[in-house]
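Report on the structure given below.
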Amino acid sequence: MSLLTPPKLVASTGETYNCRIGGRQGAVGGGRESNLFRSAQWSPDGTCILTSSEDNELRTWIVPADLLEPSESPKQLEPFSSIRTAEPVYAAAIYPYMQLSTPSTCCFIASSRDHPIQLYDMLTPTTRASYPLIDPMTEKYHTPASLLFAPSNPNRFIAGTTSQISFFDIHRNGEGPAIALKTIPTRRSVQTGHTMKGIISALAVCPGNSDGTGVLAAGTFGRQVGLYSAEGTGETIGVFGLGGGDGAGVTQLVWSQCERYLYIAERKSEVISVYDIRVAGEKVESFRGRRAGTNQRVGIDVAYALRGEVVGGGIDGKVRIWEAGHSREDSHIGTAHCEWHAHNDVVSSAVVHPGGAVLATCSGSRKPEALGEDEGEGEEGNGWDNSLKIWALSPLSHDQEDTGDKEYNTADRYDKEKDETIGVAIGQKGTEGTCI
């Protein structure tokens, strides 16, 4: 499959969510804000998509079995299950060994304001467990701004809060963190090359390390990135700031396919910064033209199952693709190689299927002008595009098969196209786990 040619739309929610919160038929609440999609992520087995929306609902979408069969119009997507939280959702992460055929593994964790971290069922609107993270001085709940499952141990997850990275055991219902790593000794401590202060807004572990030796990268809204060995339980490798340039805080960290580089996305930033983690703090490239000059989180992704391309949305409704490879001699590396108009609003997420056959996007943004409208005036769908879409990627051409730097791309491991594997994880290794 290729990300360098515009894909075909094969499924969409249409105009179902082009409304204010509570404006959709059967919805709860009477809010007047646009019911935008905040984020979307694929399940590890590639059968489901988990989305978070402005109405505080987390929805599970099971991908249709006939998704890639010829059709005159895009298929209509309907949520299989949804669960509403009392407060806005800050972060969510799906159980890494989730298999739709094994319901006990179909679960995810999510954090919401002033509440414990919750373990939810993906197929039924039920809560399986909760994990409090309480400040011992004020007895208030800490709200993680980032969540991540440890690749080497699927029964352990990591939560990022203000100047602290916490490690939880998923089997210990009702208990706090087993380990708490302070990124700075005290609030008044002077920052050094091994300390970091601020809200931990992004977490990422090297995708290819399942033996517990992977490097944990943590980013903050204060534009700092820390690197920690042994998935965060080891030593501090180093901390570096993002320096000059635009950007108002790290919103996402993604490792490159070769695990040598770290892609950094920030809010109010027009670029994706590329850092070489072998030399902490060395910026090697910037992917230009991102169009993300907003406080809203605009996500990026890496096509691990293909050639390691970087995918990202923008406030102009376009999805852009940058080719992997970070040679300073290549003047075209920082320019998007492909883009297409996917939505009529901000593309908040663009995520590649684990098998590389399709791409999911979601959109929406807050509409302050909606607060000034009188009830019954104006068209709710006017200028709004709150939707989830799935795109089928184009087959890889003969010329594209012969190109690419093998040092950075490992697509040659995949010896045939995998259109028929929408519901099957490709390249996912390791033993299956069982969630509680």
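The values are calculated or read from the model by the stated rules, or taken from the named source; none is laboratory data. For clarity, every value in this text was computed on a predicted model and none was experimentally measured. Glycine also receives a Cβ, built like all others from the backbone with ideal geometry; neighbour counts cover every protein chain displayed. When the accessible area is computed, the model is the full protein with side chains, heavy atoms only, and any ligands, DNA or RNA have been set aside. Shrake-Rupley method; radii C 1.70, N 1.55, O 1.52, S 1.80 Å.
Each of Asp316 and Asn295 was given a label point 7 Å from its Cα along the Cα-to-Cβ line. The distance between the two points is 2.4 nm. Taking Lys and Arg as +1 and Asp and Glu as -1, the other residues whose beta-carbon sits under 13 Å from that of Tyr141 total -2. What value does the stretch 86-245 have for Rg/Rh, both radii from Cα atoms and Rh as Kirkwood defines it? On the Cα set of the stretch 86-245, Rg over Rh gives 0.97. On the beta carbon distance between Arg172 and Glu72, with R0 = 45 Å, the FRET formula returns roughly 0.30.
In this structure Glu235 has an accessible area near 140 Å², from a 1.4 Å probe over the protein heavy atoms. Over the Cα atoms of the stretch 1-139, the radius of gyration divided by the Kirkwood radius equals 1.01; this is the Rg/Rh ratio. Exceedance of the 21 Å cut-off in Cα-Cα distance is limited, within the set Lys8/Lys75; Lys283/Lys318; Lys268/Lys318, to Lys283/Lys318. Full extension of the segment from Glu33 to Ser229, taken as 0.36 nm per residue of separation minus the current Cα-Cα distance, would add 66.3 nm. Normalised Debye scattering of the stretch 155-228 at q = 0.13, 0.19, 0.25 Å⁻¹ gives log10 I(q)/I(0) of -0.41, -0.82, -1.19, counting only Cα atoms as equal scatterers and leaving out solvent. Using R0 = 45 Å, the C-beta based FRET efficiency linking Arg366 and Ser394 works out to 0.85. Cα-based radius of gyration for the stretch 122-177, normalised by 2.2 N^0.38 Å, reads 1.19. Spin-label model, Asn344/Arg84: points 7 Å from Cα along the beta carbon direction are separated by 2.8 nm.
For the stretch 49-99, compute Rh as the Kirkwood radius over C-alpha pairs and then the Stokes-Einstein diffusion coefficient at 37 °C and 0.692 mPa s; write the answer in µm²/s, rounded to an integer. Taking Rh from Cα pairs, D becomes 253 µm²/s. For the stretch 237-282 versus the stretch 152-230, the spacing of their alpha-carbon centroids is 16 Å.
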